[in-house]
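Student: Okay, handing you the structure first.
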Amino acid sequence: MNKLTPFSRGLLQIYVLAMFFFTANTLLTVLLPLQSAADGMKEAEIGMMMGAYMLVCMFLRPWAGQMLAKHGVLKVMFYLLIVHALSLLLYLMIETNFLIVVRVMQGATTAFFSMAMQIGITEILKDSDRGQGLSLYSLSTVLPGIYGPVFALLLWRVNMDWLYPLLFLFLAIVPIVLLIKVPFQSNKLDSVSFSFLDILHELKNSKKYPGLIVSTVAMLTGACVFGAVTTFLPLYMMTTGIGKAENYLLLQAVVVVGSRFLLRKKIPTDGKFHVGFISFIFICLSVGVSLLVFANYLGIFLYISAILNGIAVALLYPTLTTYLSFIIPPVSKHIMLGVFLASYDLGFALGGLAMGFVVQYYSYEIMYLLCSILSIITLLYIAGKVNLRKKYERN
């Protein structure tokens with residue numbers, strides 16, 4: 001099969017499919033905390049419900065990679081989109097206390113979807129186009145962040161209950177239709193073993209790749225901060241009256257989209273871990289989250305936080321994923337990539353779970369301060385790896 005280009009018709013169809021899939025997730029990420037808080041849930045309970053989404057993702061990522069290798073991307077994609085549609089229809093029918101079921105189903109489908117997309121895209125693109133292709137895929141997953149939060153808040157504040165069933169029915173059906181004639185390959189690896197012991201074996205072998213370990217730590221901590229901001233920012237601004245949540249989220253999403261498109265060619269595609277580039281990302285993140293701590297004193301300058309956080313969100317995921325697509329051996333790709341992406345899920349879940357307790361028993365400001373400290377510690381950890389490597393080379 002001839003390799004496609006990042007802007008070929010087939011790839012554009014894949015990006016649109018991803019955009020519609022994540023539109024539903026974006027809407028529910030804003031609506032569920034607001035709906036739950038209005039029905040009397042505490043911050044810790046909301047954090048647990050929202051964190052369940054990524055915890056399920058985390059546990060299923062490695063298994064998802066194995067199923068993709070065994071059954072092929074197309075077959076797995078079809079069934080996961082059916083389950084995705086069922087979860088959206090279930091959301092329309094159940095009460096708030098049972099919404100965690102929807103989050104669990106979403107977590108399961110997202111685990112398989114993101115793995116299928118990234119493995120499928122790397123299979124149909126040339127090596128030199130991987131960075132652009134994965135960056136554009138990532139761009140399509142965050143495009144809903146531009147209109148999703150604003151539309152979700154509009155639905156919440158204005159009596160538009162009649163629109164809910166029409167909207168979610170549409171979002172359930174369209175991804176299935178867009179799956180028709182996508183250019184994914186149906187490659188299977190029937191000779192590959194798929195046991196839990198194989199996962200443990202690959203984890204032990206990960207020590208051979210120091211860059212994999214550093215990338216996993218960076219992804220884990222970065223996702224934790226992203227998760228805290230995403231889960232609690234609308235509640236924070238709406239309960240304190242500081243700023244406008246829709247303006248903040250819209251600006252952050254615009255920066256994410258713009259950065260991923262304009263800087264897509266800056267994503268390293270040489271198979272090397274660019275410490276300076278990753279450090280820049282965490283500097284943006286630590287400063288951006290720190291500004292939220294002093295939101296009450298910043299006025300309009302609070303929105304600088306949205307710009308910095310948007311840059312960090314835009315660059316971290318595609319940079320690390322592209323790097324690992326080069327250093328992970330092909331025979332281990334389906335397992336190790338799943339384990340790595342599970343670190344993102346765990347971090348994002350902790351951003352809701354752990355930080356929810358911090359908010360409930362302390363304050364939003366303390367929670368964002370802890371996020372800032374976590375970002376700085378990660379930055380120092382990455383810088384320390386540079387110093388250790390230089391010391392080793394001198395010896």
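Conditions tested, residue by residue: (1) modelled with pLDDT under 80; (2) crowded, with 18+ Cβ neighbours inside 10 Å; (3) of a type outside the set (S, T, N, Q).
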{"residue": "Leu28", "(1), (2), (3)": "no, yes, yes"}
{"residue": "Glu43", "(1), (2), (3)": "yes, yes, yes"}
{"residue": "Lys75", "(1), (2), (3)": "no, no, yes"}
{"residue": "Phe113", "(1), (2), (3)": "no, yes, yes"}
{"residue": "Leu134", "(1), (2), (3)": "yes, yes, yes"}
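Student: For Ala69, indicate whether it is surrounded by 20 or more Cβ atoms within 10 Å (Cβ to Cβ), in contact with a Cys (Cβ under 8 Å, 6 or more places away or on another chain) and modelled with pLDDT under 85.
Tutor: No: the conditions fail for Ala69.
Student: Restricting to the stretch 160-185, name every residue that is closer than 27 Å to Leu68 by Cα and part of a loop (DSSP other than H, G, I, E, B).
Tutor: The answer is Leu179, Ile180, Lys181, Val182, Pro183, Phe184, Gln185.
Student: Go over the candidates Glu95, Glu123 one by one and state the one that is surrounded by fewer than 24 Cβ atoms within 10 Å (Cβ to Cβ) and farther than 25 Å from Val182 by Cβ.
Tutor: Glu95
Student: Tally time: how many residues in the stretch 217-233 are within 13 Å of Thr29 (Cβ to Cβ) and either more than 18 Å from the chain's Cα centre (by Cα) or of a type in the set (S, T, N, Q) (or both)?
Tutor: 2
Yes or no, residue by residue, for (1) small (Gly, Ala, Ser); (2) outside any helix (DSSP H, G or I); (3) at pLDDT 75 or above; (4) crowded, with 24+ Cβ neighbours inside 10 Å:
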residue	(1), (2), (3), (4)
Thr321	no, no, yes, yes
Leu324	no, no, yes, no
Ile335	no, no, no, yes
Gly338	yes, no, no, yes
Ala342	yes, no, no, yes
Phe348	no, no, yes, yes
Gly351	yes, no, yes, yes
Ala354	yes, no, yes, no
Val358	no, no, yes, no
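Student: So if I check each of Ile328, Ile267, Ile300, Ile281, which one is farther than 16 Å from Gln118 by Cα and buried (at least 20 other Cβ atoms within 10 Å of the Cβ)? Please lay out each step first, then the result.
Tutor: On the way: Ile328 fails: farther than 16 Å from Gln118 by Cα; Ile267 fails: farther than 16 Å from Gln118 by Cα; Ile300 fails: buried (at least 20 other Cβ atoms within 10 Å of the Cβ).
None of the others qualify; the one that does is Ile281.
Student: Quick one: in the stretch 157-169, which of the residues that are modelled with pLDDT of 80 or more and not aliphatic (A, V, I, L, M) is surrounded by the most Cβ atoms within 10 Å (Cβ to Cβ)?
Tutor: Here the residue is Phe168.
Student: Filter the stretch 242-277 down to the residues that are within 25 Å of Ile377 (Cα to Cα), modelled with pLDDT of 80 or more and more than 17 Å from the chain's Cα centre (by Cα) and list them by number.
Tutor: If the condition is that a residue be within 25 Å of Ile377 (Cα to Cα), modelled with pLDDT of 80 or more and more than 17 Å from the chain's Cα centre (by Cα), then Val275, Gly276, Phe277 are the ones that fit.
The values are calculated or read from the model by the stated rules, or taken from the named source; none is laboratory data. Bear in mind that the values here come from a model prediction, so they are computed numbers and not experimental data. All Cβ positions, glycine included, derive from the backbone under ideal geometry; neighbour counts span all protein chains shown.
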